[in-house]
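Here is the structure we will look at.
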Amino acid sequence: MKKTLTTLALGATLAAGPALAELTFPSLSYRTGPYAANGIPFADGYADYFAMLNERDGGIGGERINMIECETGYNTEKGVECYEATKGEGALVYQPLSTGITYQLIPRVSADGIPMHTLGYGRTSASNGEVFPWVFNYPATYWDGASVAIKYLLDENGGDLSGKKIALVYHNSAYGKEPIRTLTELSEEHGFELLELPVDHPGQEQKSQWLQIRRERPDNVIMWGWGVMNQVAIQEAVNIRYPMDQFIGIWWSGSENDVRPAGEGADGYKALNFHAVGSDFELYDDLEEYVWSKGNAAGAGDQHGTVLYNRGLYAAMIAAEGARKAQEIHGTSDITPAMMRDGLEQLEMTEESMAELGLAGFGPTFSASCENHGGSGRAAINQWNANEGKWEVLTDYIQSDQELIARLVQEDSMAYAEENNIELACQ
Amino acid sequence: MLYREAGDFKTTYREDSQTFPIRLDRTAYFLILAVAALFVPFVINDYWLNAVLLPFLIYAIAAMGLNILTGYCGQVSLGTGAFMAVGAYACYKLMTAFPDINIAIHIVLSGFITAGVGMLFGLPSLRIKGFYLAVATLAAQFFLVWLFNRVPWFYNYSASGQINAPERTLAGFRITGPETQAWAVYLFCLVFVVASAWICRNLTRGAMGRKWMAIRDMDIAAEIIGVNPLRAKLSAFGVSSFFVGISGALFFSVYLGAVEVGEAFGINKSFLVLFMVIIGGLGSILGSFLGAAFMVLLPVLLKNVLVGGLGWPTDLAAHLEYMIVGGLIIFFLIVEPHGLAQLWRITKEKLRLWPFPH
């Protein structure tokens, strides 16, 4: 009896042994449901990047990467299930790709001591690392996005937006409501009128919102949409003949899958983006050589080079670089989530470091610090060219109004800290 | 042979009318209770708590609540999600307004608040029946969700429109917030489930439950024999919403901790709970548990088997999960329209005769 028990215990440790030495990155993805059209390319990019690192370099710092995919369906309950299922496996960083799940996980990761990186989504005020030491949302936040969009419009209108009417079509959830605070402030500052038009989950029904736009004739429409809502909104805008070049989407409303269904009509639609588009990067050669050509591409393998595929690559790249930085700081290849946090906190993205990774000029440069988890807050405007079927980069990276956003972040995060009795870090 | 009434003599009325008249049932009940209360807390971990047991326990309360209304009183409701939202938001407002008061009291109070709201939306049931009532409750579903989204007072003017459960304790143990211990949270919910089941079971066995069933079976006949339809229907709405409200409060404060009304308490939730009741068995407390278990545990089990066990791609597994659960729902409805509880009843009948069925 004793012998059997020992054998069992030995077997258990042996089975658990190799898993411990790996670097575990959970991928909370959604390939089903109303948000799948956007969830799939991101998840594919995320998986392919790690697969490529495993094949090309044997992982990060000699440690193989173990990516665990878990389907959330953009549903918070399933998200919690995925989190609990993967956290025991030594997950190093969570990237849930859902603002709802992010809100759910912020207190949990803070309690469990696992970092979370929300790449251009999630809770904007989490960019204050003093209050949210475990949460990172660089390179840009929603409030940066709102500010950049208004800056761009200011530029277009000769620096004056007074008397203009700007409509915000948003997903009626924590995600869509994020920019309202910033836009309200900006509307007071610049004297434009803000028209708020919420669209309920999942966003297939938007007739009344677009009827209102037709009646009110706003000068510009800004959209905070995701999933099927994007496609429907762009189609509705085409239906009411709203001028596409006055319609700007946030970076989550600017992928090929969003504009293609509207065909020619979507030509000229604009969207923000915080990274480059297309497949003209050295990294793509490595992906081809080590992953795709071997038939190991994630998913159907038909999303390569799309906006959201690139964003998945970007998210994985930041996670991998965070891990590399952590290994460097702590002098060990087998890092823990706490070490991973240090890595993410001292992460620096320069032109050189991106070029080294085969992603020259891929994203804005930024450097994180203990206080600043929000990156440099820069984004570019892209425009859809329906004839050629691709996104064109219209502007350089535009810097958001840092002063305003810093003030808003401070207000919101301090209120959170007070509500939850959080002791400020970085002191 | 094993499962039988023979030899189980009752000498008092009290013994004769107890909840579990057969000794084996009684033993099984106390055994399950003992395992749930004395064994599970020692082995429970975060995964089992958050992915399996909490949703099961909380949905069981919601299903019991809806079962009282739909199963016992015959009033179809599609507003369960909204009533859960009322419970959640009531709990949130109470938690933030009176931080020093015990969380258990807040949850019970949210139940009472939901009961009030439920009775208000139950008023149309006095005039309209069947499908038309379902549509009226559907209005409650959409109106309440809209209200919680629209009026910032309900979410304390937070920028995101989300509500977050602050940390609250009970007798020194953390019940809500991120730094809870699995066993404490589990026991907290278990107490609510057991108490709810006990109250529901006894309500439905008493005069009140008989009135509800009389209304369900034929309202005109019930009226003629002296059942006041106003009282019976409104009490069913009130009691049902009370339990649904408690489950909503637990769902928000203990289980998820942060909630967005449209996503967490949308029409999908109403259908989910209605499916639990239909699959579990209308008019059965056990059915509420079985239905909740079926709808909550089966997807988790399938996911773990297909993705964790067989290593299939997650999207394939997710699609298969829909198909299997959907197929099983249709299968059960065709083979046993009265739900899993009826299957259990038939099993018991068979067991009584076994091994000599003739």
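Numbers for the structure displayed
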{"item": "Test: residue in the range A:116-139 that is touching a residue at least 24 places away in the same chain (Cβ under 8 Å), in contact with a Pro (Cβ under 6 Å, 6 or more places away or on another chain) and not in a loop (DSSP other than H, G, I, E, B)", "result": "no"}
{"item": "Qualifying residue in the range B:312-335 (condition: within 13 Å of another protein chain (Cβ to nearest Cβ), outside any helix (DSSP H, G or I) and closer than 30 Å to residue A:43 by Cβ)", "result": "yes"}
{"item": "Hits in the range B:227-269 - residues which are of a type in the set (D, E, K, R), within 14 Å of chain A (Cβ to nearest Cβ) and either free of Cβ contacts under 8 Å to residues at least 24 places away in the same chain or in a strand (DSSP E or B) (or both)", "result": "B:263"}
{"item": "Residue within the range A:64-77 that is within 11 Å of chain B (Cβ to nearest Cβ), polar (S, T, N, Q) and under 15 Å from the mean Cα position of the chain (by Cα) present", "result": "no"}
{"item": "Hits in the range A:394-427 (condition: away from chain B (no Cβ under 11 Å), under 22 Å from the mean Cα position of the chain (by Cα) and among the charged types (D, E, K, R))", "result": "A:396, A:401"}
{"item": "Residue list for the range B:296-311, filter: more than 11 Å from every other protein chain (Cβ to nearest Cβ) and assigned to a helix (DSSP H, G or I)", "result": "B:297, B:298, B:301, B:302, B:305, B:309"}
{"item": "Qualifying positions in the range A:188-224 - within 14 Å of chain B (Cβ to nearest Cβ) and crowded, with 17+ Cβ neighbours inside 10 Å", "result": "A:197, A:198, A:199, A:200, A:201, A:202, A:203, A:224"}
{"item": "Filter result (closer than 24 Å to residue A:74 by Cα and either within 13 Å of chain B (Cβ to nearest Cβ) or touching an Asp or Glu at 6+ places or on another chain (Cβ under 7 Å) (or both)) within the range A:154-180", "result": "A:168, A:170, A:171, A:172, A:173, A:174, A:175, A:176, A:177, A:178, A:179, A:180"}
{"item": "Test: residue in the range B:56-66 that is in contact (Cβ under 8 Å) with a residue 60 or more places away in the chain, more than 14 Å from chain A (Cβ to nearest Cβ) and either of a type outside the set (A, V, I, L, M) or surrounded by fewer than 24 Cβ atoms within 10 Å (Cβ to Cβ) (or both)", "result": "yes"}
{"item": "Pairs with Cβ under 9 Å, 6+ apart, first in the range B:1-26 and in a loop (DSSP other than H, G, I, E, B), second of a type in the set (Ser, Thr, Tyr) and surrounded by 12 or more Cβ atoms within 10 Å (Cβ to Cβ)", "result": "B:19/B:29; B:20/B:29; B:22/B:3"}
{"item": "Residue among B:214, B:159 that is over 22 Å from residue B:82 (Cβ atoms), over 20 Å from the mean Cα position of the chain (by Cα), within 14 Å of chain A (Cβ to nearest Cβ) and among the hydrophobic types (A, V, I, L, M, F, W, C)", "result": "B:159"}
{"item": "Qualifying position, being in a loop (DSSP other than H, G, I, E, B) and under 14 Å from the mean Cα position of the chain (by Cα), among B:282, B:286", "result": "B:282"}
{"item": "Test: residue in the range A:330-340 that is β-branched (Val, Ile, Thr), modelled with pLDDT of 90 or more, under 20 Å from the mean Cα position of the chain (by Cα) and surrounded by fewer than 21 Cβ atoms within 10 Å (Cβ to Cβ)", "result": "no"}
{"item": "Single residue of A:413, A:400, A:376 found to be surrounded by 15 or more Cβ atoms within 10 Å (Cβ to Cβ), more than 20 Å from residue A:350 (Cα to Cα) and touching an Asp or Glu at 6+ places or on another chain (Cβ under 9 Å)", "result": "A:413"}
{"item": "Considering residues of the range A:292-309 that are crowded, with 24+ Cβ neighbours inside 10 Å and within 18 Å of residue A:25 (Cα to Cα) only, the residue farthest from the chain's Cα centre (by Cα)", "result": "A:298"}
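Results for (1) away from chain A (no Cβ under 14 Å); (2) assigned to a loop (DSSP other than H, G, I, E, B); (3) at pLDDT 90 or above, shown as yes or no for each residue.
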| position | (1), (2), (3) |
| --- | --- |
| B:120 | yes, no, yes |
| B:147 | no, no, yes |
| B:153 | yes, no, yes |
| B:178 | no, yes, no |
| B:195 | yes, no, yes |
| B:198 | yes, no, yes |
| B:209 | yes, no, yes |
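The values are calculated or read from the model by the stated rules, or taken from the named source; none is laboratory data. Keep in mind it's a predicted model, so treat the numbers as computed, not measured. Don't worry about glycine lacking a Cβ; one is built from the backbone with ideal geometry, like all the others, and counts go over all protein chains shown.
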